[in-house]
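See structure below.
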Amino acid sequence: MPAVFHPHSSVAEEGLGMHEFWLYVWLRKVGIVAAHIMSLGLTIFITLLSRPGTSLFSWHPVCMSIGFSLCMTEGVLLFSSEGSPFCFQSQKGKVQLHWVLQALVAIAGGTGLGFIVASKNVSERPHLTSWHSLLGVATLVAAGCQMLCGVCLLFPKRVSSVARLRLYHATCGLVTYLLATGTLVLAMCSDWFQGTIKGALWYVCVLLPLCPALVVMNQITNAYLPTYQRRRSRYESGNV
C-alpha cells in the first residue's frame, strides 16, 4: 500500500525557500496531471491502432495497455495528494480502489497473455523470440511478486514487519512499472507498430510513456526513501 506523499516535509528537509517550494509543488501538480492524460491518451491511441476484434493478436495490445499503462498508473497516482481525482477520498477508500485497479491489472495482463499465446499457436510462430516478449514475461513475474506482497499486507498480524513489507511492496511495484514501460517502448519498436506509425509521430509515441514513469518513480521514492533513511539512522544511532 503506497504511502501518501507529503511535499512539505521533503521540501523542508531540502532547505528550499518559499518561492522554490511553490514552484516545486506546481511542477509536481502539472507532472501528475500530465501523467494522467498521457496514460489515458496512450491507452486510447493503442486501442484504436489495434482495431480490436480484427484478429486474436489485436486484443493483446489493448489488454496490456489497459492493464499496465492505465490501471497500474492510476493505482499508484491515486495516493498522490496533488493532481489526483481521488485526493478527497479517505486513505481506506484509496486502498480499496488501489486493490480494484490492481485486480484489473492482473485480469487484463492474464487476458492479454492468453491472446498472444493463442495468436502464436494459431499462426504456428515460436514464443519468446524477441526482447519485447522476454521483458514482458519479466514484467508479469514482477507484477506477481508485487501483488503477493500486497496480499500479505491484508494480514498484518501474521507479518513480522509491516513497514518492511510495505517497502518491498512499493519496490516491487516500482520495478514492475519500469519493466512495463520498457516493454511498451520495445513494442513500439516492433514491425507491427512501425508499419503504421512512422516519422516524428513514432518518436512522440516512444516519449509518451516516459512522463508517467518519471512521475510514478518520483512519487514512490519520495514516499518511502525518506522514511527508510530515518529508520536506518535511528537504528544506527541506537547501535553506536
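The values are calculated or read from the model by the stated rules, or taken from the named source; none is laboratory data. Being a predicted model, the structure only gives us computed values, none of them experimental. In this analysis, Cβ positions are derived from the backbone assuming ideal geometry, glycine residues included, and neighbour counts consider all displayed protein chains. Ligands, DNA and RNA are stripped out before the accessible areas are found, and what is left, the full protein with its side chains, is counted by its heavy atoms. Shrake-Rupley method; radii C 1.70, N 1.55, O 1.52, S 1.80 Å.
Fully extending the segment from Ile37 to Val141, taken as 0.36 nm per residue of separation minus the present Cα-Cα distance, adds 34.7 nm.
Assuming charge only on the beta carbon of Lys and Arg (+1) and of Asp and Glu (-1), the dipole of the chain about its Cα centre is about 600 debye to the nearest 20. Remark: accessible surface ordering of Trp59, Trp22 (largest first) is Trp22, Trp59, probe radius 1.4 Å. What a 1.4 Å probe finds exposed on the chain is 69% carbon and sulfur by accessible area, rounded to a whole percent. Assuming charge only on the beta carbon of Lys and Arg (+1) and of Asp and Glu (-1), the dipole of region 19-132 about its Cα centre is about 120 debye to the nearest 20. Length available on full extension from Leu148 to Tyr203: 0.36 nm per residue minus the Cα-Cα distance, which gives 16.2 nm.
How would you classify region 16-167 from its alpha-carbon gyration tensor, with a ≥ b ≥ c the square roots of the eigenvalues: rounded for a/c under 1.5, else prolate if a/b is greater than b/c, otherwise oblate? Oblate, because a/c is 1.5 or more while a/b does not exceed b/c.
On a per residue basis, region 149-215 carries 57 Å² of accessible surface, using protein heavy atoms and a 1.4 Å probe. By its C-alpha gyration tensor, with a ≥ b ≥ c as the square roots of the eigenvalues, how is region 120-207 shaped: rounded for a/c under 1.5, else prolate for a/b larger than b/c, else oblate? Because a/c hits 1.5 or more and a/b fails to exceed b/c, region 120-207 counts as oblate. Across the options Thr129, Phe79, Ala118, the greatest Cα extent toward the positive end of the charge dipole of region 78-186 (unit charges at beta carbon of Lys, Arg, Asp, Glu) belongs to Phe79.
Which value in deg cm²/dmol, rounded to the nearest 500, describes the helix-derived mean residue ellipticity at 222 nm for the chain, given -39,500 (n - 2.57) per DSSP H run of n ≥ 4 and division by the residue count? -24500 deg cm²/dmol, from helical runs alone. Using a cutoff of 8 angstrom between alpha carbon atoms and counting only pairs six or more residues apart, the relative contact order for region 40-187 works out to 22 percent. FRET efficiency for the Tyr24 to Arg125 pair, using the beta carbon distance and R₀ = 51 Å, is estimated at 0.55. Under a Gaussian network description of the chain, with springs only between Cα atoms under 10 Å, the residue in Leu23, Leu178, Leu153 that fluctuates furthest is Leu23.
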